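Asker: My questions all concern the structure below.
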Amino acid sequence: MTRFYLYLNAALYLAFAAWCTLAPAQTAQGLGYAALSASGFSEYLVVYGGMELGFALFFVYCARRAQRLGLVFSVCLYAPIVAWRWPTVVAYWPVSSTTLATGALEVVLLAVALALLRFSAHTDSH
């Protein structure tokens, strides 16, 4: 189950990296960026293309070689994202359905990582 979860994360980040790289204006607007300068497009592509591709590659590595590390990384990644996501959704309401769907996915990915990490801790100690 852990390996599947890590490969799923890799696939999600790979898909988002490709989509954001190939359609930056469309995806930026879908995420709520009204307009980007040339510097803004560069930064958007670096973060939503390059960094997400890096995450995808790291999740593949973890799925193959370091599953517990991948789970710890997931918690370290998703916990702060979720902690910032929902208060900002409330503060800036109304937000787009894309923002809500992304937030829901982040909650699920965090919950599964926590459950798998907890389960692996129990199986490691026996």
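The values are calculated or read from the model by the stated rules, or taken from the named source; none is laboratory data. Note that the structure is a prediction, hence the values are computed from the model and not measured. Note that each Cβ is placed from the backbone with ideal geometry, even for glycine, and that neighbours are counted across all protein chains shown.
Asker: Enumerate the helices (runs of 4 or more DSSP H) found wholly within region 1-104, keeping only those where 2 or more residues are among the charged types (D, E, K, R), exposed (fewer than 14 other Cβ atoms within 10 Å of the Cβ) and at pLDDT 95 or above. Steps first, please.
Answerer: Numbers: elements: 2-22, 24-30, 38-45, 52-65, 67-91.
Those helices (runs of 4 or more DSSP H) span 52-65.
Asker: Would you check which residues across region 43-88 are among the β-branched types (Val, Ile, Thr) and touching a residue at least 12 places away in the same chain (Cβ under 8 Å) and list them? Don't jump to the end; show me each part of the working.
Answerer: Just the residues of region 43-88 that are among the β-branched types (Val, Ile, Thr), to begin with: 46-47, 60, 72, 75, 81-82, 88.
Hits for region 43-88 are Val60, Val72, Val75, Ile81, Val82.
Asker: Let me ask another. Does any residue of region 94-101 turn out to be under 26 Å from Arg3 (Cβ atoms) and either in contact with an Asp or Glu (Cβ under 8 Å, 6 or more places away or on another chain) or of a type outside the set (S, T, N, Q) (or both)? Outline the logic, then answer.
Answerer: Keep residues of region 94-101 that are under 26 Å from Arg3 (Cβ atoms), which gives 101.
Remaining after also requiring either in contact with an Asp or Glu (Cβ under 8 Å, 6 or more places away or on another chain) or of a type outside the set (S, T, N, Q) (or both): 101.
Taking every residue of region 94-101 in turn, at least one turns out to be under 26 Å from Arg3 (Cβ atoms) and either in contact with an Asp or Glu (Cβ under 8 Å, 6 or more places away or on another chain) or of a type outside the set (S, T, N, Q) (or both).
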